[in-house]
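Presented below is the structure to which this report refers.
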Amino acid sequence: MNTNSRSWCTVQEAAIFLGVSPTTVKRRIKDGSLEGRKEGNRYLVNRSSLERFRAQMNATRTFNGVQTYLKAELKLIKEEKESLQEQVRELEIEKVRYEAELSSLREQNQLFKERIRELEADKAFLLKQIEEKDRLINELTPRALPKPRTSFTRKIKQLFKHSKEV
């Protein structure tokens with residue numbers, strides 16, 4: 001756009017300044033977004049109005065860019081939230097399964113403790129029985145077997161001695 005002191009410019013100059021088509025500039029004049037006037041068969045655009053409109057466009061572009069970025073971020077956050085919620089559901093299911101296993105193991109542990117108590121009681125009973133049998137054996141052994149005679153013992157030793165020499 002020319003930098004001279006004119007306060008009005010052509011539609012073509014305004015289009016170049018804004019980076020849009022001349023048709024868009026004419027449309028903005030007609031909808032009141034830009035201040036313009038018609039001289040003969042051509043439109044002229046007020047330069048200060050054009051600069052205000054360009055500033056608004058830049059702000060809108062910046063806002064739209066930020067808005068687009070934020071929408072994309074929000075979408076990613078929502079997807080991550082859904083993924084985390086799914087993981088939480090899976091962990092809750094796993095927790096229930098592990099709690100059931102733990103309960104079963106506790107029951108088994110209790111049964112094993114009861115069985116150990118029973119076996120310890122059986123062991124104590126059997127040890128008493130063994131002690132009783134040992135006492136009885138020690139008591140009855142001298143009565144059941146005759147005392148060995150010394151001459152008899154010598155004869156047996158001699159007998160075994162002779163069989164080894166042969």
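The values are calculated or read from the model by the stated rules, or taken from the named source; none is laboratory data. Worth saying up front: this structure is predicted, and the values here are computed from it rather than measured. Glycine gets a Cβ as well: all are built from the backbone with ideal geometry, and neighbour counts include every protein chain shown.
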TODO: Might you check whether a residue that is touching a Leu at 6+ places or on another chain (Cβ under 7 Å), free of Cβ contacts under 8 Å to residues at least 60 places away in the same chain, surrounded by fewer than 18 Cβ atoms within 10 Å (Cβ to Cβ) and farther than 21 Å from N58 by Cβ occurs anywhere in the range 36-44?
DONE: yes
Open item on the list: So if I check each of V66, V45, which one is within 30 Å of V20 (Cα to Cα) and in contact with a Cys (Cβ under 7 Å, 6 or more places away or on another chain)?
Closed with: V45
Task: Search result, residues across the range 52-87 that are of a type in the set (V, I, T), more than 18 Å from the chain's Cα centre (by Cα) and farther than 30 Å from S7 by Cα - done: V66, T68
- [ ] For the range 125-148, indicate whether the set of residues that are surrounded by 10 or more Cβ atoms within 10 Å (Cβ to Cβ), among the polar types (S, T, N, Q) and modelled with pLDDT under 90 is non-empty.
- [x] no
